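The structure appears below as structure tokens.
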2 protein chains.
Amino acid sequence: MQITPFQTVVERLTRDQTPRVWSLLISVFGDLAQDPGARVSGSLLRHMTEQIGIKPEAMRVAIHRLRKDGWIDSERNGRNSVYFLTPTGLAQTTQATPRIYASGQPAKRAWFVMSNPGQPTATEDRPGVWITSNVLITASAPDRGQVFVTPIENGTVLPPWMSARICDDATVGMSQDFAAALEDIGPSLDAAPGLSTLEIAAIRVLLVHGWRRIVLKAPVLPDHVFPEDWRGPFCRARVADLLARYPRPHLDALEAAIA
Amino acid sequence: MQITPFQTVVERLTRDQTPRVWSLLISVFGDLAQDPGARVSGSLLRHMTEQIGIKPEAMRVAIHRLRKDGWIDSERNGRNSVYFLTPTGLAQTTQATPRIYASGQPAKRAWFVMSNPGQPTATEDRPGVWITSNVLITASAPDRGQVFVTPIENGTVLPPWMSARICDDATVGMSQDFAAALEDIGPSLDAAPGLSTLEIAAIRVLLVHGWRRIVLKAPVLPDHVFPEDWRGPFCRARVADLLARYPRPHLDALEAAIA
């Protein structure tokens, strides 16, 4: 049996990943079922996950876990079960959505904040990255007063020891792997003009999932403060381009396709 | 005997100072004898220092010390000795002059420099103030690379713990005392329109000396990074105003006045 371009794309996008099915399902619901009242049938979930190589048993375990964690819930609809995000799951999904789908950098400006080294405030709950116990790089400037606050000029490249604390090696490495995958799938996608609605949904989910695992680990800071070998900006732009090229199918169309 | 306005001014300008005569003599030479070939007679030095309450014996000791330190030298001129700055003394005087006589702030911009806390470079010979072992505030930006460098926006007020390290309490206190003296002498100077050439020279020396003791202890940084109670900018402006109001007398005129 010949391998289709779609199968090549799926294989490449799943190659570097540990298959955490519950996490992948979060991407499925996040991309397809954020609308109020959106319901995804068990059959559709099964079909979509099978398409990308996940076994039915693993899917059932993941569904169980997400229900237990209060992320999704289900109800009966005739002979079938339908699944949907709980208010908690929806809230967390909604919060992450702008970051995952953004085509531009997550923040326009970085601020350098230094508190009194005699009185470190590392435990303070402020978004950003603590470079040392009293030095924070953040996208939202705190009030001046007891802390020293200065904007970091756009485009300023941080020294390597500092940018290494902005984003750890593991996350940088993931961005490189994902960037390579995104580059590799280009020719296959160009060779597959006639993707089905279900295939488009699967590719979207894999793109969202691959990028989500990375972007949510990275701080909300402008690109220039990241390590030199961070490939986040490329991944972000490429994912945004592909999601625009393959618009989100409507749930009804997907359910109809498997009926 | 009535106290003249000149005497009131001298008394006020010398009140807060420990009488370090050798240091005062440096101010005398700095203000009057920087020109190449300038010579100051022993008689003139004696007259000027007596005018501001220094005993001849203390003056002789100070002259001895400055000669021993290689700051000044002397030669015979008939029955009198004449004194002059050595090349060393002149070089140090010339270096300090722009700072002492400046009417504007010593630097337009401050830069924040942070080196890797794992490899502190506090021993590095870079002008500026080390806030911690790896954080420097400086007016001259070093090359980027291993250090993080960012300009501090004009007008940025530093938090108190940080500005306290820019300029120590003792120097801030001296600026307050000197500012108070400068404010106090205003009425006396206005009441003394007919100051003699020698009196003008003495007042100039006291102004230069009073400010020199302070400004050379302060870092070369823009005013906004100093502590809130630092009165350097007021002192600097007032000294510059008064020196402009009482132009430097020529040495020949001073020597003639005591002949």
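The values are calculated or read from the model by the stated rules, or taken from the named source; none is laboratory data. Worth saying up front: this structure is predicted, and the values here are computed from it rather than measured. Because the Cβ atoms are built from the backbone with ideal geometry, glycine has one as well, and the counts that use them run over all protein chains shown.
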Problem set entry | Which listed residue is touching a residue at least 12 places away in the same chain (Cβ under 8 Å), touching a Cys at 6+ places or on another chain (Cβ under 7 Å) and hydroxyl-bearing (Ser, Thr, Tyr), from A:175, A:163 | A:175
Seminar exercise, completed: Restricting attention to the range A:147-163, the residues that are under 30 Å from residue A:15 (Cβ atoms) and surrounded by fewer than 17 Cβ atoms within 10 Å (Cβ to Cβ) number exactly 1
Exercise. So which residues in the range A:81-99 are exposed (fewer than 11 other Cβ atoms within 10 Å of the Cβ) and farther than 24 Å from residue A:218 by Cβ, if there are any at all?
Worked result: A:87
Exercise. Does residue B:104 satisfy the condition of being more than 30 Å from residue A:155 (Cβ to Cβ), within 20 Å of the chain's Cα centre (by Cα) and surrounded by fewer than 17 Cβ atoms within 10 Å (Cβ to Cβ)?
Worked result: yes
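Answer yes or no: is there a residue in the range B:211-222 that is closer than 12 Å to residue B:13 by Cβ and at pLDDT 95 or above. Break it down stepwise before answering.
To start, the set of residues in the range B:211-222 that are closer than 12 Å to residue B:13 by Cβ comprises B:211, B:213.
Restricting the remaining residues to those that are at pLDDT 95 or above gives B:211.
Looking for residues that are closer than 12 Å to residue B:13 by Cβ and at pLDDT 95 or above, one finds at least one in the range B:211-222, hence yes.
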Problem set entry | Flag for residue A:51 being surrounded by 13 or more Cβ atoms within 10 Å (Cβ to Cβ) and either of a type outside the set (A, V, I, L, M) or under 17 Å from residue A:200 (Cα atoms) (or both) | yes
Exercise. Got a sec? Which of B:12, B:76, B:65, B:20 is surrounded by fewer than 17 Cβ atoms within 10 Å (Cβ to Cβ), farther than 24 Å from residue B:95 by Cα and assigned by TED's automatic domain parsing to the domain that holds residue B:190?
Worked result: B:76
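Within the range B:74-86, is there a residue that is within 11 Å of chain A (Cβ to nearest Cβ) and closer than 30 Å to residue B:243 by Cα? I'd like the intermediate steps shown before the answer.
Start the filter on the range B:74-86 by keeping residues that are within 11 Å of chain A (Cβ to nearest Cβ), which leaves none.
The answer is no, given that none of the residues of the range B:74-86 is within 11 Å of chain A (Cβ to nearest Cβ) and closer than 30 Å to residue B:243 by Cα.
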Seminar exercise, completed: Restricted to the range B:178-210 and to residues being small (Gly, Ala, Ser) and in contact (Cβ under 8 Å) with a residue 60 or more places away in the chain, the residue nearest to residue B:111 (Cα to Cα) is B:210
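Based on what the data block shows, is residue A:163 more than 27 Å from residue A:94 (Cβ to Cβ), of a type in the set (S, T, N, Q) and in the same structural domain as residue A:245 (by TED's automatic domain parsing)? Write out each step before concluding.
Numbers: more than 27 Å from residue A:94 (Cβ to Cβ): yes; of a type in the set (S, T, N, Q): yes; in the same structural domain as residue A:245 (by TED's automatic domain parsing): no.
No: the conditions fail for residue A:163.
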Problem set entry | Filter result (farther than 20 Å from residue A:208 by Cβ and among the small types (Gly, Ala, Ser)) within the range A:174-192 | A:191
For this session: Take the range B:221-259 and flag every residue that is surrounded by 15 or more Cβ atoms within 10 Å (Cβ to Cβ), assigned to a loop (DSSP other than H, G, I, E, B) and of a type in the set (A, V, I, L, M, F, W, C).
Result: B:221, B:226, B:230
